[in-house]
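Encoded as structure tokens, the structure appears first; notes follow it.
The values are calculated or read from the model by the stated rules, or taken from the named source; none is laboratory data. Computed from a prediction, not measured in an experiment: that's the story for all the values here. Here the Cβ positions follow ideal geometry from the backbone for every residue, glycine too, while neighbour counts run over all protein chains shown.
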Amino acid sequence: MKDLKIFRAFGLRIREIRRARGFTQEKLAEKAGLHWKFISLIETGKSDVTLTTISRLAYAFGMEISEFFLAAFPAHYSEAKERLVAEILSVIKEGDDRQAEGIADVVRAAKKF
């Protein structure tokens, strides 16, 4: 029964993001390579989703998979943090391995405070 709450919460997050971006279910389905009826099932919590589906949805929204789940932890979530995480991920993706390790070192050092 607990799984159903997870599916419903994930579906509500997808609907929230879709509406914020001004997408219809049809437009999201097209961008993600899914059927609009499947989007409806996801949003209502009536369908389990695979990592592949989550990845397709993230791609369609132009966001990282982790961003789907940040709002699930309200004590640790804010839109400002979400933007910072996206910015840091972008820098890591665009940089080389040395730069990524440098950023990781900074994050590790900051966690000690």
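General remarks:
- Pairs meeting the criteria (first residue in segment 2-30 and surrounded by 12 or more Cβ atoms within 10 Å (Cβ to Cβ), second residue hydrophobic (A, V, I, L, M, F, W, C) and not in a helix (DSSP H, G or I), beta carbons under 7 Å, at least 6 apart or on different chains) are Ala9/Ala72; Phe10/Val49; Arg13/Ala71.
- Odd one out for Arg56 among (1) within 25 Å of Glu79 (Cβ to Cβ); (2) without any contact (Cβ under 8 Å) to a residue 24 or more places away in the chain: (2)
- So Ala86, is it modelled with pLDDT of 80 or more, in contact with a helix residue (DSSP H, G or I) (Cβ under 9 Å, 6 or more places away or on another chain) and surrounded by 10 or more Cβ atoms within 10 Å (Cβ to Cβ): no
Here's the yes/no breakdown for (1) in contact with a Ser or Thr (Cβ under 7 Å, 6 or more places away or on another chain); (2) at pLDDT 90 or above; (3) under 21 Å from Leu84 (Cα atoms):
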{"position": "Lys5", "(1), (2), (3)": "no, no, no"}
{"position": "Arg19", "(1), (2), (3)": "no, yes, no"}
{"position": "Thr24", "(1), (2), (3)": "no, yes, no"}
{"position": "Leu28", "(1), (2), (3)": "no, yes, no"}
{"position": "Ser40", "(1), (2), (3)": "no, yes, no"}
{"position": "Ser47", "(1), (2), (3)": "no, yes, no"}
{"position": "Ser66", "(1), (2), (3)": "no, no, yes"}
{"position": "Ala71", "(1), (2), (3)": "no, no, yes"}
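- When the test is whether a residue is modelled with pLDDT of 80 or more, closer than 14 Å to Ile17 by Cβ and under 15 Å from the mean Cα position of the chain (by Cα), Glu79 does not pass it.
- Enumerated helices (runs of 4 or more DSSP H) restricted to segment 1-65, each holding at least 1 residues that are under 27 Å from Ile92 (Cα atoms), within 15 Å of the chain's Cα centre (by Cα) and hydroxyl-bearing (Ser, Thr, Tyr): 51-61
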